[in-house]
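The values are calculated or read from the model by the stated rules, or taken from the named source; none is laboratory data. Quick caveat: nothing in here was measured; it's all calculated off a predicted structure. Here the Cβ positions follow ideal geometry from the backbone for every residue, glycine too, while neighbour counts run over all protein chains shown.
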Amino acid sequence: MARLPYLEKADLAPEDQPLLARDINLHKLLAHNPAAARAFGTLGSYLRHGTTLDARLRELVILQIGWQARSPYEWSHHIRIGYDFGVTDADIAALIAESRGEASALEPLARLCLQAAREIHDGAIAPATFASLAAQLDPASLTDLVLTASFYCAVVRLLASFGIEVEESYMRHLEAFPLPAD
């Protein structure tokens, strides 16, 4: 159960109502502090629409963070969003296999990005992983990969700290690809 109530547009001043343009629980909770919600949205919007990192790789990185954190909200939302950016069910199954240390059919760069995301989740990219990424990505894309994984590490902690619940319309993604029990 969420630790603060979810706000609706009617609860907000007219100038803050656009914060709830997407009717999702994360935004409904962050709207308690409109300035913070705007700041959060600015970086999130850049990562979704302005990043130099390939969109499919970006979504795989975000999904990896959601998987590592066992975040039902992040995992379910980015399965759905990932489909819009080229992530397939086979990619998701491969991410799960990679997370378990099993082989997958993912291309080498995707596997490397997932490894980097796991390492960032655990603290920082290992020097060898960073060097391998630097050999394949330009500096801007590498920066965006690190920024994306780091931002979503913060997002999953925010979701857990506030107890933000998965909306019913996203539950089918958790049913299709359940998170492991700890």
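Data overview
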read-out: Some residue of the stretch 127-142 being touching a Lys or Arg at 6+ places or on another chain (Cβ under 8 Å), surrounded by 15 or more Cβ atoms within 10 Å (Cβ to Cβ) and under 26 Å from GLY41 (Cβ atoms); value: no
read-out: Close pairs from the stretch 24-47: first β-branched (Val, Ile, Thr), partner surrounded by 18 or more Cβ atoms within 10 Å (Cβ to Cβ), Cβ under 8 Å, at least 6 apart; value: ILE24/HIS77
read-out: Of residues in the stretch 166-182 being under 15 Å from ARG70 (Cβ atoms) and touching a residue at least 60 places away in the same chain (Cβ under 8 Å), the one surrounded by the fewest Cβ atoms within 10 Å (Cβ to Cβ); value: ASP182
read-out: Residue in the stretch 55-78 that is more than 13 Å from the chain's Cα centre (by Cα) and at pLDDT 95 or above present; value: no
read-out: Scan of the stretch 44-59 for residues that are closer than 21 Å to SER76 by Cβ, among the aliphatic types (A, V, I, L, M) and touching a helix residue (DSSP H, G or I) at 6+ places or on another chain (Cβ under 6 Å), ordered by number; value: LEU47, LEU57
read-out: Pair list, Cβ under 8 Å, 6 or more apart: the stretch 127-154 residue farther than 17 Å from PRO108 by Cβ, other residue acidic (Asp, Glu); value: TYR152/GLU74
read-out: Selected residue (criterion: surrounded by the most Cβ atoms within 10 Å (Cβ to Cβ)) from residues of the stretch 97-114 that are small (Gly, Ala, Ser) and part of a loop (DSSP other than H, G, I, E, B); value: SER104
